[in-house]
Structure formats: structure tokens, C-alpha cells
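What follows is a single structure, written as C-alpha cells, with notes after it.
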Amino acid sequence: MMDRTLKALSLILSYPSREWQQAMSEIGGVIDADLRIAADTRAALRTLADGFAKADLYDLQESYVMLFDRSRTLSLNLFEHVHGESRDRGGAMVNLIETYRAGRFEPVTSELPDHLPVLLEFLSTRPFAEAQETLADAAHILDALAARLGRRDSGYAAAFAALLQLSGTRADAEAVADMLAQPDDDPTDLVALDAVWEETEVTFGSDPNAGCPQVRDMLAAMDEPTPKPLNRSA
């Protein structure tokens, strides 16, 4: 059975679109009803979702890009924080793709498999014990991202706080400190940004609409009890 909260958090962390914005009332309601998340965190997420529903879409998109695309220390690609650009990242990516396929799940997006919204969509289709174990493995990354977003007074920090609470564990303090010891990059420094993204990005899976993450199927599947079948015609 689908974990609607993990699905909702996946959507909150996805690139803003008009359809996404119109679904914010339902998304906020799903999270607000989940007692696994602390009351103050649920309230913060409801406020965040309500704000998304009313804000200018282009402002939301610009803010998203500045936070998650132009700030490598805030990247939603989890392996970026573990492997950087080393060869180990490629092997980890292949293993993750195989995990998705074994679960009969194929994301329809131009994002990499380790993109957090993609991973959360997958986890929403898995038994909660399995999802919780995966979140626990990433707890130090989630904690560090929450802290960095908090430094920037970003409401997105509440999404990471919720994921930490769902993980059922505390992040390793030393690992978090090591991550936070890295200076936050400046998203307005375009020269540095060009240097960071010099290499051509490798994409995996199908990409029917290159560019921003696609949330149409995720929204449509909010009430589906089973994961989408693997598309073997690709």
C-alpha cells in the first residue's frame, strides 16, 4: 500500500509547476494528518504548502533553482554528497537503478535516479520498514541539508525534518559536522557554477520531457495502492 506521506514529501521537493501548485492543498492535508511527524513540523509543512499554493509560480521556480540547482551543497542528488564525481558514484547509480527495476518502478523524469524526490516516490511504494531503513542510511545527509536550509531561512527545511523523523533514527553527529564543515557555495557566482557543472550530466531512464522533473504521474497516483509497472517497451 502506498505511503501517501512519502509521496507528498516527494512532491513538495519537486520542481514547481502549475499542476503541482494546484495540488498543494491536498499535499499539505496528507502530511498534516500523519502523526508519525511531530506537530510543529506538520504545522511548518502545512504553512509551506499553503504558501506554495498562493505564491507566484515563477518566483517559486526561481527560488527552487537557486537553492537546489545552483547550490551544490544543497543538491537533491544524494550521491553527490557521498561520492562527489568519483567513479563510485556511477556504480552506486547502477545499483540504485537495479533496485528500482526489481521493485517494478521506473521514474519518468530527466532527473538522476538518486534525486531525492525520485527516491521518495519509489520508497512510497515499498513497505515502511524498508523505506525507513533507507531514510536512516541517509540521515546525516538529510540532517545537514535541513541545517543548511535553516541557515537560509528556507521553509524547505521542514521537509527534511519530517524525513528525519520518519527515519526513526538520529543522524551521526560527526558525519553531519563533516558535511557542515564544507562552506556553502554561492548560487550567484556564475563563474564557479560553470566550473562545477563543466562535465556533461549523465541521465538515466526515459526522458519524454527533458528539463524539469515531471510530477503529472505522481499527482495522478496519489491514491493508487500499487506502484506503476515497469515500462518494458522503452
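The values are calculated or read from the model by the stated rules, or taken from the named source; none is laboratory data. Everything numeric here is computed off the predicted structure, so don't read it as measured data. FYI the Cβ positions are ideal-geometry reconstructions off the backbone, even for glycines, and counts take in every protein chain you see.
Among the residues of the stretch 3-30, count how many are touching a Lys or Arg at 6+ places or on another chain (Cβ under 6 Å) and closer than 12 Å to ALA159 by Cα.
Of the stretch 3-30, the ones touching a Lys or Arg at 6+ places or on another chain (Cβ under 6 Å) are 28, 30.
Adding the requirement that they be closer than 12 Å to ALA159 by Cα leaves 28.
Number of matching residues: 1.
So SER86 passes all but one of these: (1) within 19 Å of the chain's Cα centre (by Cα); (2) among the polar types (S, T, N, Q); (3) modelled with pLDDT under 95. Which condition number does it fail?
Of (1) within 19 Å of the chain's Cα centre (by Cα); (2) among the polar types (S, T, N, Q); (3) modelled with pLDDT under 95, only one is false for SER86: (1).
Against the definition (buried (at least 22 other Cβ atoms within 10 Å of the Cβ), out of contact with any Ser or Thr (no Cβ under 6 Å at 6 or more places or on another chain) and modelled with pLDDT of 85 or more), how does LEU116 come out, yes or no?
Details: buried (at least 22 other Cβ atoms within 10 Å of the Cβ): yes; out of contact with any Ser or Thr (no Cβ under 6 Å at 6 or more places or on another chain): yes; modelled with pLDDT of 85 or more: yes.
Yes, satisfied.
Go through the stretch 8-33 residue by residue and tally those that are among the basic types (Lys, Arg) and surrounded by 23 or more Cβ atoms within 10 Å (Cβ to Cβ). I'd like the intermediate steps shown before the answer.
Filtering the stretch 8-33 down to residues among the basic types (Lys, Arg) leaves 18.
With the extra rule that they be surrounded by 23 or more Cβ atoms within 10 Å (Cβ to Cβ), the set shrinks to none.
Adding up the residues that qualify gives 0.
Return the residues of the stretch 127-141 that are under 13 Å from LEU96 (Cβ atoms), touching a residue at least 12 places away in the same chain (Cβ under 8 Å) and not polar (S, T, N, Q); say none if nothing qualifies. Lay out the reasoning, then the answer.
Applying the first criterion (under 13 Å from LEU96 (Cβ atoms)) to the stretch 127-141 yields 134, 137-138.
When the remaining residues are screened for being touching a residue at least 12 places away in the same chain (Cβ under 8 Å), the result is 134, 138.
The one that is under 13 Å from LEU96 (Cβ atoms), touching a residue at least 12 places away in the same chain (Cβ under 8 Å) and not polar (S, T, N, Q): ALA138.
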